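**Student:** Please read through the structure below; I'll follow up with questions.
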Amino acid sequence: MGEAIRVVIIHRKRLLREGLTFALSQQQNISVVGSVAKAGEILGELDGLRPEVILIDFFLPERDGLGEARLIRKASPGVRILRHCLKRPVF
């Protein structure tokens, strides 16, 4: 089996970040390399973390997730971005 897919989670809700981190860490081919509440917290670390996939909340507190996704794409063009855009919690 090859290297694990490197994932970063950006979500405003700590419980959701921790739940996703736990669920993804149970997979042999996925490694969560970062988990933060604000995209600005991760932008300076993208080179060191080298994520292949970023799961981002589109309703971030300070700035919208779409704007953050654009900044991330500019800083790390090869990264895949998956967005979470549920405005209300599902539980």
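**Student:** Identify the residue in region 1-19 that is in a strand (DSSP E or B) and under 20 Å from residue 68 (Cα atoms) and, among all such residues, is modelled with the lowest pLDDT.
**Tutor:** For region 1-19, the residue satisfying everything is 10.
**Student:** Let me ask something additional. Name the residue, out of 72, 54, that is outside any helix (DSSP H, G or I) and either surrounded by 16 or more Cβ atoms within 10 Å (Cβ to Cβ) or of a type in the set (A, V, I, L, M) (or both).
**Tutor:** Testing whether each residue is outside any helix (DSSP H, G or I) and either surrounded by 16 or more Cβ atoms within 10 Å (Cβ to Cβ) or of a type in the set (A, V, I, L, M) (or both) leaves just 54.
**Student:** Quick check on region 10-34: of everything there that is in contact with a helix residue (DSSP H, G or I) (Cβ under 8 Å, 6 or more places away or on another chain) and among the hydrophobic types (A, V, I, L, M, F, W, C), which residue is surrounded by the most Cβ atoms within 10 Å (Cβ to Cβ)?
**Tutor:** 10
**Student:** Further question: What is the residue count in region 24-47 for residues that are in a helix (DSSP H, G or I) and either touching a strand residue (DSSP E or B) at 6+ places or on another chain (Cβ under 9 Å) or in contact (Cβ under 8 Å) with a residue 40 or more places away in the chain (or both)?
**Tutor:** The number of residues fulfilling the criteria is 5.
**Student:** Here are some residues: 16, 66. Which one is of a type outside the set (Phe, Trp, Tyr) and in contact with a Lys or Arg (Cβ under 9 Å, 6 or more places away or on another chain)?
**Tutor:** After applying the criteria, what remains is 66.
**Student:** State which residue is modelled with the lowest pLDDT when the search covers only region 20-56 and only residues that are within 19 Å of residue 77 (Cα to Cα) and either touching a His at 6+ places or on another chain (Cβ under 8 Å) or among the acidic types (Asp, Glu) (or both).
**Tutor:** 41
The values are calculated or read from the model by the stated rules, or taken from the named source; none is laboratory data. Predicted model, so just to flag it, every value in this text is computed and none were measured. Every residue, glycine as well, gets a Cβ built from its backbone with ideal geometry; the counts of neighbours run over all protein chains shown.
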